[in-house]
Amino acid sequence: MNRPNVSRSITLAILCLVVPVGCGGGDETAPSAGREVRVDGSSTVFRISKAAQERFSEVRPEIQVVVDKHGTGGGFKRYMEGEVDVIDASRPARADEAAEAKAKGLDWIECLVGYDGITVAVNEKNDFAKSITVAQLKALWEPESKLTTWKDLDPSWPDRKISLYSPDSASGTFEFFTEAVVGKAKSQRKDVQVNADDNQLVSGVAGDVDAIGYFGYAYYASNAGKLNALSVADGSKPAVGPSPETILDKTYSPLSRPLYIYVHAAALKRPEVAEFVKFYLDHVGEVSKAAQYVPPTAADVEANAKALGQAAATSPAAAG
């Protein structure tokens, strides 16, 4: 019942931001010149933004939307340098990032664009590891870990060397996983094969019978025929596997998480940015599902519209 009102709210917010463009003040926007929109950040959220870009290009081919994936941290870094209009983020902005953006006058709008469950996956030929506890994950991944074989992890498992795969340190997935599992963000053992490309992580686990790795749910869902996802037991709770239902209701704990875009508020005064963001949020359920993540709820969609409405109300351009 709320969706029609939400759609109108988004439209009004965008119109308030776009209309004044012809009246000057364009020097405050800018990382991108001409009819170009730049998006960068999380390789997890990349799939959603890429789906939005592909659909947008069908209706507005004259506007070039460039979507890169240099990790959540990389996206925030480029934003601080004035190089991107939209950040893809697989974790909330940190306090230090928010403070830096504020100090530089780079106000943003946070919009939730889907839900993910970081998936712990093993090779499809692994027929013994079906579930794992958070305590076992911590013992395996923490910096001081001495575990090197499956038997070290569980006495009933084979005495074979484990190969570990993970995203690199610029990744929001890496940061979220280490904080949720190890207890300290960016804290992980060194003998891990890291890669910024989730597809390469999938290939690594799929090609190594004794591999274990973690990445966004969509990368597992796209490759379920050659990977096995482990169920995860959080404390005394039963082990739960990742699925759209368990991710949304957060029973897949502690690895369920929201996914975001952070939109440069001043950049919304540029028509191409405003049009793309409006299209993205109007179709967010469709594009998040196409990317194989869990779509935002109706309440999330309404919150996104409210954020855009507030941006319109406080925009220097909107004020005249």
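Tally time: how many residues in the range 215-243 are part of a helix (DSSP H, G or I) and either open to solvent by less than 30 Å² (accessible area, probe 1.4 Å) or not basic (Lys, Arg) (or both)? If you could, list the steps in order and put the result at the bottom.
Step one: list which residues in the range 215-243 are part of a helix (DSSP H, G or I), which gives 217-221, 224-226.
With the extra rule that they be either open to solvent by less than 30 Å² (accessible area, probe 1.4 Å) or not basic (Lys, Arg) (or both), the set shrinks to 217-221, 224-225.
Total satisfying the criteria: 7.
Out of Ala299, Ala290, Ala303, report the one residue that is buried (at least 18 other Cβ atoms within 10 Å of the Cβ) and among the hydrophobic types (A, V, I, L, M, F, W, C).
Details: Ala299 fails: buried (at least 18 other Cβ atoms within 10 Å of the Cβ); Ala303 fails: buried (at least 18 other Cβ atoms within 10 Å of the Cβ).
Exactly one of Ala299, Ala290, Ala303 is buried (at least 18 other Cβ atoms within 10 Å of the Cβ) and among the hydrophobic types (A, V, I, L, M, F, W, C), namely Ala290.
Given the condition more than 16 Å from the chain's Cα centre (by Cα), assigned to a loop (DSSP other than H, G, I, E, B) and under 30 Å from Ser236 (Cα atoms), answer yes or no: does some residue in the range 110-124 qualify? It would help to see each step written out before you state the result.
First, pick out the residues of the range 110-124 that are more than 16 Å from the chain's Cα centre (by Cα): 120-124.
Still in the running and assigned to a loop (DSSP other than H, G, I, E, B): 124.
Remaining after also requiring under 30 Å from Ser236 (Cα atoms): 124.
For the range 110-124, residues more than 16 Å from the chain's Cα centre (by Cα), assigned to a loop (DSSP other than H, G, I, E, B) and under 30 Å from Ser236 (Cα atoms): present.
Filtering the range 151-171 to residues that are more than 19 Å from Glu97 (Cβ to Cβ), touching a residue at least 40 places away in the same chain (Cβ under 8 Å) and not in a strand (DSSP E or B) leaves Arg160, Ile162.
Residues in the range 118-128: is at least one modelled with pLDDT of 95 or more, under 28 Å from Glu302 (Cα atoms) and open to solvent by less than 40 Å² (accessible area, probe 1.4 Å)? Yes, that holds for at least one residue. Residue check: is Lys184 open to solvent by 40 Å² or more (accessible area, probe 1.4 Å), modelled with pLDDT of 95 or more, on the phi < 0 side of the Ramachandran plot and in a helix (DSSP H, G or I)? Answer is no for this residue.
The number of residues in the range 247-283 being open to solvent by less than 30 Å² (accessible area, probe 1.4 Å) and either part of a loop (DSSP other than H, G, I, E, B) or farther than 15 Å from Val65 by Cβ (or both) comes to 13. Only one entry of Glu175, Glu179 meets the criterion of being open to solvent by 50 Å² or more (accessible area, probe 1.4 Å) and among the acidic types (Asp, Glu), and that entry is Glu179.
Kindly provide the set of residues from the range 136-157 that are among the basic types (Lys, Arg) and closer than 15 Å to Lys184 by Cβ, ordered by number.
Taking the range 136-157 as the starting set, the residues that turn out to be among the basic types (Lys, Arg) are 138, 146, 151.
Residue satisfying the conditions is Lys138 alone.
Taken across the range 104-117, residues that are in contact (Cβ under 8 Å) with a residue 40 or more places away in the chain and open to solvent by 70 Å² or more (accessible area, probe 1.4 Å) do occur, with at least one present.
I'm trying to understand the selection: among the residues of the range 72-88, which are open to solvent by less than 10 Å² (accessible area, probe 1.4 Å) and not in a loop (DSSP other than H, G, I, E, B)? It would help to see each step written out before you state the result.
Within the range 72-88, the first condition is being open to solvent by less than 10 Å² (accessible area, probe 1.4 Å), and the residues that meet it are 72, 75-76, 79, 84-88.
Scanning the range 72-88 gives Thr72, Gly75, Phe76, Tyr79, Val86, Ile87, Asp88.
Considering each of Lys250, Lys226, Lys306, Lys237 in turn, give the residue that is under 19 Å from the mean Cα position of the chain (by Cα) and either under 22 Å from Thr133 (Cα atoms) or in contact (Cβ under 8 Å) with a residue 60 or more places away in the chain (or both). From the options Lys250, Lys226, Lys306, Lys237, the qualifying one is Lys250.
Being open to solvent by less than 60 Å² (accessible area, probe 1.4 Å) and basic (Lys, Arg) is a description that does not apply to Arg55.
Residue by residue, here is whether (1) under 15 Å from Leu140 (Cα atoms); (2) of a type outside the set (A, V, I, L, M); (3) assigned to a helix (DSSP H, G or I) holds:
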| site | (1), (2), (3) |
| --- | --- |
| Thr173 | no, yes, yes |
| Thr178 | yes, yes, yes |
| Asn199 | no, yes, yes |
| Gly204 | no, yes, yes |
| Val209 | no, no, no |
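The values are calculated or read from the model by the stated rules, or taken from the named source; none is laboratory data. Please read these numbers as outputs of a predicted model, since none were measured by experiment. Methodologically, a virtual Cβ is constructed for each residue, glycine included, from the backbone with ideal geometry; neighbour enumeration extends over all protein chains shown. Keep in mind that these areas ignore ligands, DNA and RNA; they rest on the heavy atoms of the full protein, side chains included. Shrake-Rupley method; radii C 1.70, N 1.55, O 1.52, S 1.80 Å.
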